[in-house]
Amino acid sequence: MLDILDGARERLARASDPVPCAVATIVSAQGSVPRPVGTSMLVGADGALHGSLSGGCVEGAVLEACREALQTGRSSLQSFGFSEEDAFAVGLMCGGSLEVLIQPFAPPPPGTQSPLGTVNDPSPAAYVTRLPQESDAPRTVAPEGDDADGPRAVLLAGDGAEEVRGALTMLLPPELLEAGSTQVAAMLREARTGTLRLPAGASTTDLFVESRIRPAHLVVCGANAFGQALVEAARPLGLRITLCDHRPAFTDPTAFPGAEVVRAWPHRFLAAAAERGDLDARSMVCVLTHDPKVDVPVLATALRLDIAYVGAMGSRRSDHNRRTALREAGVDEEALSRLRSPIGLDLGAESPAEVAIAILAEILAVRAERRTVEPLRDGSGPLHARTAASG
């Protein structure tokens, strides 16, 4: 839901022509599936379609479910899985199964707030939805959260105990509030997304918690053709991107759309960013400067930080000389073992665009903890990570 939240609430809040919409969100998954839990697709009453849940396998059926939700105003849970008995059944050919929440949203009455917040709201920490139960009665078309059964979803803008408890009072009965607040707060702190099942006597109350934390930070050092290509290739990955170079003549922000451009010595910028808390264990630093007086200080700084990836461009000869200089600068062997240099996977890349793909391929492999990379056709395991609902 959070990946299309801005688009959904902008449609509901149009001053002259607000548009009802329905959102389909994967709330649980089993086995090999194309997209992770939390992925959403938006269907507008005007025919607009944004997002994808499976890359094509179930989109047609989900589209019809969303259209039905727009007509009836009722949320529902839909299940999709592979059927060996019926080759024409709607399902996932990859063999996994999905549970999809269908939610209708109508524009709020004049003078009232949208159930999705306002367009100017800060990015929420989480979107928490009370999943419909079989006993829920049909609801008329109305903004989600204004139905007679009580609110169905809330936005959380923090993970503090008081903020979570206060928000969940609108979703949970008193007897479930303490346990629900504790477990939801833990999911937010760990940035987990999934379905939380709370026992309530002979029945259960299910909450779908979709957490969002700030994007991972990619720092590209070097305002050159390779830096420009890397920024461009990284834009679709949803990262926070910073391009850093100390040379004013090369740091025109218009040359690096999608990136924050910083004119500073990279090692000084990196140290200041770490001090501000702008770097964390998911952060990545790519040094593409080809200049020892820049490379050595910034790499010495980066290798002392707890970050996910540190890479540097250069030939094997320059890499040997650079490692010698880093040892002389006090970088120990354990830290040096983390340096990805020469940078990127061996894809035969030559042009800046090709090199950018090789670098990002290595970053993805490191993030997935893949020590070796081979063609998918040579493997035997599932193509997609096996996932299951939280709870």
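The values are calculated or read from the model by the stated rules, or taken from the named source; none is laboratory data. What you are looking at is a predicted structure, and each value in this text was computed from that prediction instead of being measured. When we count neighbours, we look across all protein chains shown, and the Cβ atoms used for this are built from the backbone with ideal geometry, even at glycine. Heads up: the accessible areas ignore ligands, DNA and RNA and are worked out on the full protein's heavy atoms, side chains in. Shrake-Rupley method; radii C 1.70, N 1.55, O 1.52, S 1.80 Å.
Summary of values
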read-out: For region 273-352: rounded, prolate or oblate by the Cα gyration tensor [a/c cutoff 1.5]; value: oblate
read-out: Carbon/sulfur fraction of accessible area - region 240-387, other protein chains in place, 1.4 Å, %; value: 51
read-out: Solvent-accessible area per residue for region 255-391 (1.4 angstrom probe, square angstrom); value: 59
read-out: Residue-level accessible surface for His267, protein heavy atoms, 1.4 Å, Å²; value: 50
read-out: Debye log10 I(q)/I(0) for region 255-391, one point scatterer per Cα, at q = 0.10, 0.13 Å⁻¹; value: -0.40, -0.65
read-out: Prolate/oblate/rounded label for region 222-291 (Cα gyration tensor, a/c 1.5); value: oblate
read-out: Relative contact order computed over region 259-391 (Cα-Cα under 8 Å; 6+ residues apart), in percent; value: 19
read-out: Cleavage-rule hits, GluC sites (Glu not before Pro), region 307-388, DSSP coil, Cβ neighbours within 10 Å at most 12; value: Glu350, Glu369
read-out: Largest to smallest principal axis extent of the C-alpha atoms in region 307-356, angstrom; value: 34, 25, 13
